[in-house]
Structures are given as C-alpha cells and as structure tokens.
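Engineer: Would you mind keeping the following structure in view while I ask a few things?
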Amino acid sequence: MLLLPWLAVTFVNADAGMGITLAMLFAVNPAYSVLVGIFAGKNARSLWSLPIISAALFLLGAWVSLAGSETAFFLYAGVYLALGIAAMLVSSFAYHKIRL
C-alpha cells in the first residue's frame, strides 16, 4: 500500500499510467484490504489495527507518490478501511463459529 503508488509512478510509462492507477484503486487495493481484514480476523484482539494501518499506509503512499493535495484519497482510504474492518468482523465471526 505504501510502495505500490510509487512503483506505478516511477516504472510505468505515461500511456499506461491511468490504467495502472485505476487497477490499483479499484482492484488491487480493495482486494488487499479484504485480505488484511481476513488475516486480522483470525486474532482480532491483537491484530485489530491492521486494517487501520493498511488504510493509513495507502493514504501516505498516495499523497507522497501521486498528487499531495488531492482530497479524494481520503475517500478511498475510508472505503479501504471499511472493507478491511468488515472482512475482519466476518472472518472473526466465522473463525470463532467454526472453532466452537
């Protein structure tokens, strides 16, 4: 989440930059947020901060690598946080339900 925007800006040519950015914003980052939430749900008491850290790292990486004054990144970070927390709650509930 922190290095992916920098890699896209640095190594992808300008013609494919928009496609890579859209793929990151709408496919890669949400999938990563869900996977982090699923992983955090296995031990939610100690790993509850992982979705928050993931969203914060996205925000930091996007602001540093892309346009620092763009406020839309807060919306994306909020959506990624909501996806991560929802996946963590579902995973935690399913993990503890199966374990009983």
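Engineer: Would a scan of segment 72-82 turn up a residue that is under 20 Å from ALA8 (Cβ atoms), exposed (fewer than 13 other Cβ atoms within 10 Å of the Cβ) and either of a type in the set (Gly, Ala, Ser) or touching a residue at least 40 places away in the same chain (Cβ under 8 Å) (or both)?
Structural biologist: Yes, the conditions are met somewhere in segment 72-82.
Engineer: Scan (1) free of Cβ contacts under 8 Å to residues at least 40 places away in the same chain; (2) surrounded by fewer than 14 Cβ atoms within 10 Å (Cβ to Cβ) for the single condition VAL64 breaks and write down its number.
Structural biologist: Evaluating VAL64 over (1) free of Cβ contacts under 8 Å to residues at least 40 places away in the same chain; (2) surrounded by fewer than 14 Cβ atoms within 10 Å (Cβ to Cβ) leaves (1) as the failure.
Engineer: SER46 - would you say it is open to solvent by 40 Å² or more (accessible area, probe 1.4 Å) and among the hydroxyl-bearing types (Ser, Thr, Tyr)?
Structural biologist: Details: open to solvent by 40 Å² or more (accessible area, probe 1.4 Å): yes; among the hydroxyl-bearing types (Ser, Thr, Tyr): yes.
Yes: the conditions hold for SER46.
Engineer: Which residues, taken from segment 18-46, are hydroxyl-bearing (Ser, Thr, Tyr) and within 15 Å of VAL90 (Cβ to Cβ)?
Structural biologist: Step one: filter segment 18-46 for residues hydroxyl-bearing (Ser, Thr, Tyr), giving 21, 32-33, 46.
Hit for segment 18-46 is SER33, nothing else.
Engineer: Picking from VAL90, VAL36, VAL28, which residue would you name as being β-branched (Val, Ile, Thr), in contact with a Gly (Cβ under 6 Å, 6 or more places away or on another chain) and not in a loop (DSSP other than H, G, I, E, B)?
Structural biologist: On the way: VAL90 fails: in contact with a Gly (Cβ under 6 Å, 6 or more places away or on another chain); VAL28 fails: in contact with a Gly (Cβ under 6 Å, 6 or more places away or on another chain).
After ruling out the rest, the residue left standing is VAL36.
The values are calculated or read from the model by the stated rules, or taken from the named source; none is laboratory data. Nothing here was measured: the structure is a model prediction, and the numbers come from that model. FYI the Cβ positions are ideal-geometry reconstructions off the backbone, even for glycines, and counts take in every protein chain you see. To get the accessible areas, we keep the full protein, side chains included, count just its heavy atoms, and leave off ligands, DNA and RNA. Shrake-Rupley method; radii C 1.70, N 1.55, O 1.52, S 1.80 Å.
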